[in-house]
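Asks: Here you go, one structure.
The values are calculated or read from the model by the stated rules, or taken from the named source; none is laboratory data. Here the structure is a predicted model, which is why all the values come from computation and not from measurement. Please note: Cβ atoms are built from the backbone with ideal geometry, for glycine as well, and neighbour counts cover all protein chains shown. Keep in mind that these areas ignore ligands, DNA and RNA; they rest on the heavy atoms of the full protein, side chains included. Shrake-Rupley method; radii C 1.70, N 1.55, O 1.52, S 1.80 Å.
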There are 2 protein chains.
Amino acid sequence: MQTEEEILKIKKVKNTAVRMVVLRHLLSLEKAQSLKDIENALPYTDRSSIFRTLKTFEENKVIHSIEDGSGMTKYAVCAEGCNCDPKDLHYHFYCTNCDKTFCLFDVPIPNIQLPKNFKLQQANMVVKGLCDNCNR
Amino acid sequence: MQTEEEILKIKKVKNTAVRMVVLRHLLSLEKAQSLKDIENALPYTDRSSIFRTLKTFEENKVIHSIEDGSGMTKYAVCAEGCNCDPKDLHYHFYCTNCDKTFCLFDVPIPNIQLPKNFKLQQANMVVKGLCDNCNR
DNA sequence: GCATTTACCGCAACTCGATTGCAAAGATTA
DNA sequence: TAATCTTTGCAATCGAGTTGCGGTAAATGC
Ligand SMILES: [Mn+2]
Ligand SMILES: [Mn+2]
Ligand SMILES: [Zn+2]
Ligand SMILES: [Zn+2]
């Protein structure tokens, strides 16, 4: 497991107080976080600073964003070695009961046979249902 | 191919002027439409009426919605016999160049092996890239 | 070290897609 | 017909996301 400093260094993002605290927060939880989630968790940090931090992180592939259909974009730390290429694609699971969104790094994504002449660049694959905790 | 009247009858949605014109518009195009798209195409119909019509259609499985990451929810008419169950799932393709979103009814969705105790209910699978028209 | 330039931060304002309250118009039922 | 329920149009509101700007901090050049 890499430290916040190591991650930022590898991804060539300057280390600042806001960036450290945002990245630490994202690393501390197993589920993807929305801007609002982070804002609530970091009451002394300004929303727009968090927003710009997330943009910077995403541009530099520190994190990736997920559109889970909940109305708020969620963010999760990229796996070590991730370049946000199609090969780094993974499913996301959105629990319709507890509203958590998970990265399913371990579920393989099969090859998608697109129609003739369509070119794959990226994907946003969100599977919805009940998580193990809510499915009882 | 079913007519608008037939579709609404089968799905038990009362036939009104606004509903007819919205459904006709959705049927007339091969790509999924946003509320704004429909509003622009139907300048004499009020936005909130279109909005409520789309909600009614979605609840009654006349149409399904797609979150393609463009910031606007898109809507497309369900295929004949669709119940919006997991078995009716299909990929959507979002062209990053021309901003069109297509239902890929013909591309099979493989079985997704979720982690233990996770239950699949729905999915929003958006593949992004260049459509055949833009990929030259 | 000190001046200059660049990057980052906090605050407030704003954008825009989505949603809602409400009253009028239309359809249905008794 | 009268009462009731549904649909529609208009205007207002909500809220996530985004931006302008001035101040502070860090980096760069001398
Ligand atoms: Mn992920
Ligand atoms: Mn579709
Ligand atoms: Zn859950
Ligand atoms: Zn295209």
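Asks: Can you tell me which of A:ARG47, A:ARG19 is touching a Ser or Thr at 6+ places or on another chain (Cβ under 7 Å) and open to solvent by 50 Å² or more (accessible area, probe 1.4 Å)?
Replies: Going through A:ARG47, A:ARG19 in turn, just one is touching a Ser or Thr at 6+ places or on another chain (Cβ under 7 Å) and open to solvent by 50 Å² or more (accessible area, probe 1.4 Å): A:ARG19.
Asks: Could you tell me which numbered condition B:PRO108 fails, if it satisfies all but one of (1) more than 7 Å from every other protein chain (Cβ to nearest Cβ); (2) in contact (Cβ under 8 Å) with a residue 12 or more places away in the chain?
Replies: For B:PRO108, the exception is condition (2).
Asks: Kindly indicate whether B:THR101 is β-branched (Val, Ile, Thr), open to solvent by less than 20 Å² (accessible area, probe 1.4 Å) and not assigned by TED's automatic domain parsing to the domain that holds B:VAL21.
Replies: Judged against the criteria, B:THR101 is a match.
Asks: Counting just the residues of the range A:62-77 that are more than 10 Å from the chain's Cα centre (by Cα) and open to solvent by 50 Å² or more (accessible area, probe 1.4 Å), which one comes out farthest from ligand 1 (Cβ to nearest atom)?
Replies: By that ranking, first place goes to A:GLY71.
Asks: Kindly indicate which of A:PHE105, A:PHE51 is within 23 Å of B:ASP68 (Cβ to Cβ) and among the hydrophobic types (A, V, I, L, M, F, W, C).
Replies: Answer to the check: A:PHE51.
Asks: How many of the residues making up the range B:80-105 are touching a strand residue (DSSP E or B) at 6+ places or on another chain (Cβ under 9 Å), touching a residue at least 24 places away in the same chain (Cβ under 8 Å) and away from ligand 2 (no atom under 13 Å from the Cβ)?
Replies: 5
Asks: For the range A:81-101, which residues satisfy the criterion of being closer than 19 Å to B:ASN111 by Cβ and within 16 Å of ligand 3 (Cβ to nearest atom)?
Replies: Listed by number, the residues that qualify are A:TYR91, A:HIS92, A:PHE93, A:TYR94.
Asks: Could you tell me whether A:GLN113 is surrounded by fewer than 16 Cβ atoms within 10 Å (Cβ to Cβ), within 25 Å of B:ASN97 (Cα to Cα) and not aliphatic (A, V, I, L, M)?
Replies: So A:GLN113 passes the test.
Asks: Among B:SER65, B:SER49, B:SER28, which is away from chain A (no Cβ under 12 Å) and away from DNA strand D (no atom under 11 Å from the Cβ)?
Replies: Only one candidate qualifies: B:SER28.
Asks: Additional query: Name the pairs: first residue in the range B:51-68 and more than 18 Å from B:SER28 (Cα to Cα), second residue in a helix (DSSP H, G or I) and within 13 Å of DNA strand C (Cβ to nearest atom), Cβ to Cβ under 7 Å, at least 6 apart or on different chains?
Replies: These pairs meet every condition: B:PHE51/B:LEU35.
Asks: Next question, about the same structure. Could you list all residues from the range A:84-93 that are more than 7 Å from chain B (Cβ to nearest Cβ) and open to solvent by less than 30 Å² (accessible area, probe 1.4 Å)?
Replies: Listed by number, the residues that qualify are A:HIS90, A:HIS92.
Asks: If you don't mind, there's one more thing I want to ask. Does B:ASN135 satisfy being farther than 16 Å from A:ALA123 by Cα, surrounded by fewer than 21 Cβ atoms within 10 Å (Cβ to Cβ) and within 8 Å of chain A (Cβ to nearest Cβ)?
Replies: So B:ASN135 fits the description; yes.
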